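Chemist: The following block contains the structure, expressed as structure tokens.
Nothing in this text is a laboratory measurement; each read-out follows from the coordinates by a stated rule. This is a predicted model, so every value here is computed, not measured. Here the Cβ is made from the backbone with ideal geometry for all residues, glycine too, and neighbour counts use every protein chain on show.
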Amino acid sequence: MKNKHEIQKAQQSDIPDIVKIHRKCIVTTNSKHYPEEVIKEWVETINEKGVSDQITTTQWYVLKLTGQTIGFAQIDTGKGVLYQIHIDPDFQNQGYGKTLLNFLIGEFRNSGTEKITLLATLNAVPFYETNGFTRNEDTTIPLVKEFIDMVEMQRNL
Ligand SMILES: CC(C)(COP(=O)(O)OP(=O)(O)OC[C@H]1O[C@@H](n2cnc3c(N)ncnc32)[C@H](O)[C@@H]1OP(=O)(O)O)[C@@H](O)C(=O)NCCC(=O)NCCS
């Protein structure tokens, strides 16, 4: 991670980039761990309205590299929930996910959260384990016909 990065609170103007990265992650990264039918339905659920509806009720951040958005995250410090971290597949495995996660952990700590819970995609379980989270229960998120297999994980702060 040689280039200068910045983490900023997401603005409405970041929504198109957020949706683009999320969809790219599903078809590029998640697709290696889920059946094609699941990926097809999953990617259709990601749209600008969905983000726009949640951007004021939860906390969203974008990670920018020399002005380009290369990742984003959504958390709720009040509930102690980490909803998602996504790094553009072209920039994965370079430490940016860990950088964003450490920033979020700081936000949780600053607001007095004692425990973070999350639902990890199957591909992300080793990433969260490397970063101090432990597995809880296996679970699923319903789509239309399909279900997304997830793993509930947690970390005490
Ligand atoms: C999961 C994700 C955010 C990780 O971000 P990343 O930038 O690729 O990860 P990093 O390069 O920061 O890796 C940090 C550490 O986790 C480890 N790690 C990351 N992915 C891993 C994997 N699939 N298996 C094993 N270890 C992994 C790295 O080896 C590294 O370990 P180190 O600190 O000992 O060197 C990214 O792969 C992603 O966006 N995936 C698609 C979206 C997704 O599924 N997000 C999770 C939704 S809850």
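Chemist: Between beta-carbons, use under 12 Å as the cut-off and find the net charge around Glu137, counting Lys and Arg +1, Asp and Glu -1. Write out the running numbers ahead of the final one.
Modeler: Details: positive: Arg135; negative: Asp138, Asp149, Glu152.
Here the charged neighbours net out to -2.
Chemist: Restricting to DSSP H runs of at least four residues, report the calculated mean residue ellipticity at 222 nm for the chain, -39500 (n - 2.57) per run over all residues, nearest 500 deg cm²/dmol.
Modeler: Values: 5 runs with 51 residues, N = 157.
One gets -9500 deg cm²/dmol as the mean residue ellipticity at 222 nm.
Chemist: Under the definition of Cα pairs under 8 Å and six or more residues apart, what whole-number percent is the relative contact order of the chain?
Modeler: Values: 243 pairs, mean separation 35.0, N = 157.
Reported relative contact order: 22 percent.
Chemist: Which value in nm describes the separation of the simple spin-label points at Asn102 and Thr28, placed 7 Å from the Cα toward the beta carbon?
Modeler: Computed distance between label sites Asn102 and Thr28 equals 2.3 nm.
Chemist: Let me make sure I get this right: for the chain, a, b and c are the square roots of the gyration tensor eigenvalues over alpha carbons, sorted descending. Under 1.5 in a/c it's rounded, otherwise prolate if a/b > b/c, else oblate. Which is it? If you can, show how the numbers build up before the last one.
Modeler: Numbers: a/c = 1.35, a/b = 1.10, b/c = 1.23.
Taking the square roots of the gyration eigenvalues as a ≥ b ≥ c, the chain is rounded.
Chemist: A further question follows. Sort 11-20, 66-75 by the packing proxy (mean of other Cβ within 10 Å over each peptide's residues), most packed first. Kindly include the intermediate steps, with their values, before the conclusion.
Modeler: On the way: 11-20: 15.3, 66-75: 18.8.
Ranked from most to least packed, the peptides come out as 66-75, 11-20.
Chemist: In the structure shown, do any of Lys9/Lys64; Lys4/Lys98; Lys64/Lys115; Lys20/Lys79; Lys32/Lys145 have a Cα-Cα gap over 18 Å, and if so which?
Modeler: Numbers: Lys9/Lys64 11 Å; Lys4/Lys98 15 Å; Lys64/Lys115 27 Å; Lys20/Lys79 27 Å; Lys32/Lys145 20 Å.
Pairs exceeding 18 Å: Lys64/Lys115; Lys20/Lys79; Lys32/Lys145.
Chemist: Next question. Can you give me the Cα centroid spacing of region 46-121 and region 17-36 in angstrom?
Modeler: 16 Å
Chemist: Note down the nm distance, to one decimal, between modelled labels 7 Å out along Cα→Cβ at Thr56 and at Gln68.
Modeler: 3.3 nm
Chemist: Express in nm, to one decimal, how much length is gained between Asn47 and Asn136 on full extension, taking 0.36 nm for each residue of separation and deducting their alpha carbon distance.
Modeler: Working: separation 89, 0.36 × 89 = 32.04 nm, distance 2.95 nm.
Residue separation times 0.36 nm, minus the Cα-Cα distance, leaves 29.1 nm.
Chemist: A further question on this structure: Provide the three semi-axes, in whole Å and in decreasing order, of the ellipsoid equivalent to region 70-157 as defined by the square roots of 5 times the Cα gyration tensor eigenvalues. Mind showing how you got there, number by number?
Modeler: On the way: eigenvalues 81, 60, 30 Å².
Taking √(5λ) for each eigenvalue gives 20, 17, 12 Å, largest first.
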